[in-house]
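The structure under discussion appears below in the form of C-alpha cells.
The values are calculated or read from the model by the stated rules, or taken from the named source; none is laboratory data. Computed from a predicted structure; not experimentally measured. Cβ coordinates were reconstructed from backbone atoms using ideal geometry, including for glycine residues, and neighbour counts include every protein chain displayed.
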Amino acid sequence: MSDIIRLLPDSVANQIAAGEVIQRPASVVKELTENAVDAEATEISIVIRDAGRTLVQVIDNGRGMSETDARLAFERHATSKISSADDLFTITTKGFRGEALASVAAVSMTELRTRREEDEAGTLVEINNSRVIRQEPCSCAAGSVFSVKNLFYNVPARRKFLKTDNTEFRHIITEFQRVALAHPEIKFTLIHNDQEIYRLPQGSRRQRIISLFGKHYNQNLVTVETTTTIISISGFAGKPENARRSAGEQFFFINNRFIRHPYLHRAVLEAYQGILPPDTVPAYFIYMTADPSAIDVNIHPTKTEIKFEDERSVWQIMLASLREALGRFNVVPSLDFGPEGAVEIPVITGGMTAPPPPQVEVDHTFNPFDGTEYHRPETKWDGERDRGNAGGWESLFTITARSDQQEGTGAAEGQRRFFQVKNRYIMCPVISGIMMIDQRRAHERVLYEKYLTSLSDGPRPAQVSLFPVTTELNPGDMVIVQEIGDQLRTIGFELETDSDNRVTIKSHPADSRNANPLAMLETLIAEYRQTLSDPSIGARERVALSMAKAAAIPYGMPLTHTEMEELFDMLFACTMPNYSPTGKTVMNIITLEELDRRFS
C-alpha cells in the first residue's frame, strides 16, 4: 500500500492560510493599513473600488523597503517585527506573524511599489496567485503603495460568498474606524468609487472621534483618566442619556491595538448600573496602556483578542475608573437637597413681632366613658367597601371576560379589564389566572409581522412630516441607509439624501408609537447594524426586525384602556404571539393555583 500523507503545494497551503487572515475585502484593508502604521507613516490613503472586489489600494509615506525586502515580504512568516520566540512577549507593533502579505498575494493580483527615503529608485513587485510575475526598478515616492486587484479571482467559491457591495463596504468602514481611532496622530483618507468618504486630519483623540462619528459627540463624552502600576486607562465614556439600544460605538484599545473583550465590557456596564435607560448600551472609547509582557496578543489570527496576566485586577480598575469619571462629571444621580418643595420658614428681623401661636379649641366636657356613642364622618372608603363589587378591592379584581355563552335570547358581551404595572407590563385577568404581557415585546411582534407583510405585499401608510427633519449621518450609517433605502420607502419612510451625508426625513411609518422620526431612524440604523452579526437572519427579516424595534412602544409609556385592548387583540392575531421577533418571552400567566399557594 502506497503512502497517503503528502506535503501540500505552496499555492494550496497559502490559500488555506489566507482563509484564516483574509476573509473579505475588509481584512485586506486592515492588514495593509496596519502595515502602513508599523512603517511609521504619518499619512495613509485608502482607495477602494467596488467595495474592494476590484481594488484595495493603500498608499503611505512610511519607511518603504529595499529591493530585497520588497520581494521577501511576500514569503510566509517573513517579518521585520520579531526575530525570536521571546519577542512574542514584548510585541508593540500591529503585525508580527508575517502572514498578511503572503495571504493577500495568494488570493489576488497584487502589486507593490516602494522606495526608501535614501534610495534613488524604487522597486516594483507584481505577484499573482503567489507567483512572482515581475520585479524591476521603478519611479515612485518614498513609502509604499500596495494595490490588491480582483480579490478571490482564483478562488471562485470564496468570491461567491461575499455579500453585497454595501455590506462589504460597511465592514471596510468598521476596520478603517478602528485603526483611525487608535492613531489620531496620523492623517487618514478613505475614498470609495472616486468619492471621498473620510478625510481625517491629525489631531487629538476627541477630535478624531468627532470627525468619525459626528459633531454631536463633542457634548456627549465624559473624560476617563486613571493611572496604576498595573494598567493606565484613558479615553471617553458616553453619557447615559445618549446610550443606544444596540451595540455601536464601543471601542477598547490596548497599546494602540483595537481589541474585543467581553469581560471588560461587563465592567463598563457595571459602572453604568442604575443610570442607563432600559435595554441600552453606552458608547465608550477606552485606551489602555500596559507592559507588553503582561498581555498576550498571540491567541487569535486577527489579533483582536488578548489575554491579560491579571484580568481580575484590570476589571476592578476599569470599573473604578468609569465610576469615578461618571461621578466626577455629575452623570451619576445624586441626592438633591435643593429648596424646591421645601417649607419656607420666615426669619424674624428687627422691628418684627413673633407670630401668635395657633389657637386650638378643646372640648373639656368630653368624657369617653360616659357611654355616649361617637360617630366619625363616613369616608369614601367606607362607601365603596359597603357597595361590594361596585368598588374597592373587590371591584379591582372582579373581571368579566368575553362570553360566547348564550343567555336567554341573546349573546352577552362582557367587558375586559386591563391595567399597567410600572408602565411596562399589561395585566389582564383570564380564566386560568392573571396574564402578564410585556408591552414593548408585544408591540415588536405586532409590528414585525406587519412590516414583513408590507415588504412582500406593498407599501404601508406613511405619516408626512409637517416640518421635515434634517440630520448628518456618519458614512457608515449612510451606507446602511442607502443599502436598505427601498425597504425603508416600503414601510413608510421617505428620505432625501445628499453628497454631504445629510438626510432629510419627509415622512415616517404611520403606525409607529415613536413620535420622534429622527430618533426612530437612528434606532433603526443601530438595530440593523446589530443584526448583521447574525447570518441566520435574511435581508427582509433584518429590515422588519430593525424597524419593529425602532418603532415599538417604549417602556415607561402609559397606555389607555383602549390602547391596551387594541394591543392585546393585535398580539393574538399574530402567528407567534408568545415570543418577540428575537425569541424573548412576550407573556406569562400566574395561575390560580400559584395565587392560592401564595396565600396558603
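Note on the stretch 36-58: residues that are more than 28 Å from the chain's Cα centre (by Cα), surrounded by fewer than 23 Cβ atoms within 10 Å (Cβ to Cβ) and in a helix (DSSP H, G or I) amount to 1. Criterion applied to 69, 60, 87 was being at pLDDT 95 or above and either among the charged types (D, E, K, R) or out of contact with any Phe, Trp or Tyr (no Cβ under 7 Å at 6 or more places or on another chain) (or both), and the one residue passing it is 60.
What helices (runs of 4 or more DSSP H) lie completely within the stretch 529-600 and have 1 or more residues being out of contact with any Phe, Trp or Tyr (no Cβ under 9 Å at 6 or more places or on another chain), among the acidic types (Asp, Glu) and surrounded by fewer than 16 Cβ atoms within 10 Å (Cβ to Cβ)? Walk me through it before giving the result.
Working: elements: 539-551, 561-571, 592-598.
It comes to 561-571, 592-598.
Being within 14 Å of residue 492 (Cα to Cα), modelled with pLDDT of 85 or more and of a type in the set (Val, Ile, Thr) is the requirement here; does residue 553 meet it? Judged against the criteria, residue 553 is not a match. Residues in the stretch 453-464 that are in contact (Cβ under 8 Å) with a residue 40 or more places away in the chain, farther than 30 Å from residue 171 by Cα and either in a helix (DSSP H, G or I) or touching a helix residue (DSSP H, G or I) at 6+ places or on another chain (Cβ under 6 Å) (or both): 460 alone.
Quick one: would you say residue 444 is more than 29 Å from residue 194 (Cβ to Cβ), within 26 Å of the chain's Cα centre (by Cα) and not assigned by TED's automatic domain parsing to the domain that holds residue 249? Criteria met by residue 444.
Here the strands (runs of 3 or more DSSP E) wholly within the stretch 132-207 that include at least 3 residues being without any contact (Cβ under 8 Å) to a residue 40 or more places away in the chain are 195-200.
Inspect the stretch 473-485 for any residue being among the charged types (D, E, K, R) and over 18 Å from residue 214 (Cβ atoms) and give the result as yes or no. I'd like the intermediate steps shown before the answer.
In the first step, residues of the stretch 473-485 are kept if they are among the charged types (D, E, K, R); the result is 477, 483.
Subset that is over 18 Å from residue 214 (Cβ atoms): 483.
Scanning the stretch 473-485 turns up at least one residue that is among the charged types (D, E, K, R) and over 18 Å from residue 214 (Cβ atoms).
Taking the conditions (1) touching a Ser or Thr at 6+ places or on another chain (Cβ under 8 Å); (2) crowded, with 20+ Cβ neighbours inside 10 Å in turn, residue 459 satisfies each one other than (2). Of all residues in the stretch 469-494, those being part of a strand (DSSP E or B) and either in contact (Cβ under 8 Å) with a residue 40 or more places away in the chain or within 16 Å of residue 510 (Cβ to Cβ) (or both) number 4. Filtered by the rule that a residue be in contact with a Leu (Cβ under 6 Å, 6 or more places away or on another chain) and farther than 23 Å from residue 63 by Cβ, the stretch 140-167 gives a lone residue, 149.
With the requirement that a residue be among the polar types (S, T, N, Q) and under 24 Å from residue 212 (Cβ atoms), what does the stretch 257-316 give you?
Within the stretch 257-316, the subset among the polar types (S, T, N, Q) is 273, 280, 289, 293, 298, 302, 304, 313, 316.
Passing the criteria: 280, 289, 302, 304.
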